[in-house]
Amino acid sequence: MRSIRIPADRVGTLIGKSGETKKILEKASGIKLKIDTEGEVTFNEDAKGVDPLMALKMMDVIKAVGRGFNPDKAMRLLDDDQYFEPIDLKDVVGDKSNQLERIKGRLIGTDGKTRQIIEDLTRCYMSIYGNTVSLIGDSVGLPVAKHAIELILNGSEHSTVYHYLEGQRPRLRIAEMGFDL
């Protein structure tokens, strides 16, 4: 049995309206989920017919929903070459809540511009929830998005980050066409 804890306020999102999201996840993965109201999610990874790789992917999907992702976006993790990367903001700014709010604001940008640019150029999804910023993406876009976030966390100006992302565009386009780098 595997057990994962997600924030209690994300349980409803994981279950979905009338249990729809839970059913879709179970059907897509072949894994039965048990979800309690406190946020404890358990499943039997050793059950007959359960693909061990799918069990690992399901853990990432559950973690992603727990970190603020919409279940539709989190289900992208069931595909091959899709990865989940959480980054704890407290590791960068410590426990100061005003610094945490400031850094979250920098990651989102004015009217969500910074977040949108990172998502659009890297084809990654980004979620800022609680004390974390999390990414879902492929093996090419994810490291680029993560580096862009690290630049922001380390105090780089937004223009520097945008310039870095623009510089990565040719590499991302080549990967998009299916060529290995």
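What follows is calculated from the coordinates using simple rules that are stated; it is not laboratory data. A quick note: this is a predicted structure, and the numbers were derived from the prediction, not measured. Neighbour counts run over all protein chains shown; Cβ positions are idealised from the backbone, glycine included.
Could you name the aspartates and glutamates whose alpha carbon sits less than 16 Å from that of Lys17, not counting residues in the same chain fewer than 8 places away? Once the sequence-local aspartates and glutamates are set aside, what remains near Lys17 is Asp9, Glu26, Asp36, Asp72. Straight-line reach from Lys104: taking Cα to Cα under 28 Å and skipping same-chain neighbours fewer than 8 places apart, the lysines in range are Lys57, Lys63, Lys73, Lys90, Lys96, Lys113, Lys146.
Simple rule: put +1 on each Lys or Arg Cβ and -1 on each Asp or Glu Cβ in the chain, find the dipole, and look at Ile136, Gly19, His158; the Cα lying farthest toward the positive end is Gly19. For the pair Lys23 and Ala8, label points projected 7 Å from Cα toward Cβ lie 2.8 nm apart. Taking Lys and Arg as +1 and Asp and Glu as -1, the other residues whose beta-carbon sits under 12 Å from that of Leu77 total -2. Only Cα pairs under 8 Å and 6+ residues apart enter the sum, and on that basis the relative contact order of segment 57-181 stands at 24 percent.
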